[in-house]
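> The following block contains the structure, expressed as structure tokens.
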Amino acid sequence: MLTLQFSQWYLPHEMALRMSLYNIAQPVGAMLSGAMQGALSTNLEGALGRTGWRWAFIINPDRPNPLAKFYLRPRDIVVAEERTRRIGRDPQVGINVKTFLRCFKFWHVWLFSIAWSIGSNTTPSNYFNLWLKSLKDTDGSLKYSVGMLNYLPIAGQALQLAAELLFSGFSDYLGTRLPFLLLHSVVNITSLIILIIRPESESAYMAGWYMNYVGA
């Protein structure tokens, strides 16, 4: 649904970067969350008899966002329709049972559905902090504090954000998609090879984790 809305609002040479501006909400949110949790673990551990992670639920409670009710004004819709007519794009039409069932005739739908279901919830970078937590110093103590377990992934999320904007920005600017899709795939595959091989060098292995953020 979101892709459909973007495709009706933006022109082809604008779409990748605009979509990325939406997608970066994920790494930005993760960076802010990690920074907050790291700060709480470092500065409020034991305060008033509570562990640092408990303070996250006190300081940042979950509640509905009143701004979510705001969407598009009638004038915004008119502007979107005018822009689509400039490039001869077909207008949106309603979905009925016939058109809904017709989409299942395309092999692309099945291929991407399978690929998405296999890979969408198995991004290795989601487990980076678990690997960090497993590391120990020579005396057997944990190598990284709770605060550092939250801080270190922020660098990877920053790389993910930068790559998202650079790849999509240059894709729009140059008017081509395939080279950037291939580059993204090469980075991702290389990171997975490093994580599978698991080199003895801790620095090399950590580089594989950070590369995986870029290829995520």
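> Can you tell me which of (1) within 20 Å of K143 (Cα to Cα); (2) open to solvent by 60 Å² or more (accessible area, probe 1.4 Å); (3) of a type outside the set (D, E) is the one Y210 doesn't meet?
(2)
> Could you say whether any residue in segment 114-124 is free of Cβ contacts under 8 Å to residues at least 24 places away in the same chain, open to solvent by 50 Å² or more (accessible area, probe 1.4 Å) and among the aromatic types (F, W, Y)? If you could, list the steps in order and put the result at the bottom.
From segment 114-124, those free of Cβ contacts under 8 Å to residues at least 24 places away in the same chain are 114-122; that's our starting set.
Checking which are open to solvent by 50 Å² or more (accessible area, probe 1.4 Å) leaves us with 114-118, 121-122.
Of the ones still in play, those that are also among the aromatic types (F, W, Y) are 116.
Yes.
> Any residue at all in segment 104-125 that's part of a helix (DSSP H, G or I), touching a Ser or Thr at 6+ places or on another chain (Cβ under 8 Å) and at pLDDT 75 or above?
Applying the first criterion (part of a helix (DSSP H, G or I)) to segment 104-125 yields 104-105, 107-119, 124-125.
Subsequent filtering for residues that are touching a Ser or Thr at 6+ places or on another chain (Cβ under 8 Å) retains 124.
Retained after the next criterion (residues that are at pLDDT 75 or above): 124.
Checked against the condition, which is being part of a helix (DSSP H, G or I), touching a Ser or Thr at 6+ places or on another chain (Cβ under 8 Å) and at pLDDT 75 or above, segment 104-125 yields at least one hit.
> Taking only pairs six or more apart or across chains, which ones have beta-carbon atoms under 8 Å, a first residue in segment 198-216 that is at pLDDT 90 or above, and a second residue that is among the basic types (K, R) and not in a helix (DSSP H, G or I)?
The qualifying pairs are Y205/R198.
Residue-wise test of (1) assigned to a helix (DSSP H, G or I); (2) closer than 30 Å to G34 by Cβ; (3) at pLDDT below 90.
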position	(1), (2), (3)
L72	no, no, yes
G94	no, no, yes
Y127	yes, yes, yes
A158	yes, yes, no
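For (1) of a type in the set (V, I, T); (2) touching a helix residue (DSSP H, G or I) at 6+ places or on another chain (Cβ under 9 Å); (3) closer than 29 Å to S134 by Cβ; (4) buried (at least 16 other Cβ atoms within 10 Å of the Cβ), each residue gets a yes or a no:
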{"residue": "V146", "(1), (2), (3), (4)": "yes, yes, yes, yes"}
{"residue": "L159", "(1), (2), (3), (4)": "no, yes, yes, yes"}
{"residue": "A163", "(1), (2), (3), (4)": "no, yes, yes, yes"}
{"residue": "G175", "(1), (2), (3), (4)": "no, yes, no, no"}
{"residue": "L181", "(1), (2), (3), (4)": "no, yes, no, no"}
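> As an exercise: evaluate I77 against (1) surrounded by 10 or more Cβ atoms within 10 Å (Cβ to Cβ); (2) modelled with pLDDT of 75 or more; (3) farther than 30 Å from L149 by Cα and give the number of the one condition it does not meet.
(2)
> To continue, here is another question. Could you tell me how many of the residues in segment 124-163 are closer than 16 Å to M211 by Cβ and among the polar types (S, T, N, Q)?
The number of residues fulfilling the criteria is 4.
> Let me ask another. Restricting the search to segment 129-141, which residues are at pLDDT 90 or above, open to solvent by 40 Å² or more (accessible area, probe 1.4 Å) and either in contact with a helix residue (DSSP H, G or I) (Cβ under 7 Å, 6 or more places away or on another chain) or assigned to a strand (DSSP E or B) (or both)?
K133, K136
The values are calculated or read from the model by the stated rules, or taken from the named source; none is laboratory data. Fair warning: this is a prediction, and the values are worked out from it, not measured in the lab. Every residue, glycine as well, gets a Cβ built from its backbone with ideal geometry; the counts of neighbours run over all protein chains shown. Only protein heavy atoms, including side chains, enter the accessible area calculation; ligands, DNA and RNA are left aside. Shrake-Rupley method; radii C 1.70, N 1.55, O 1.52, S 1.80 Å.
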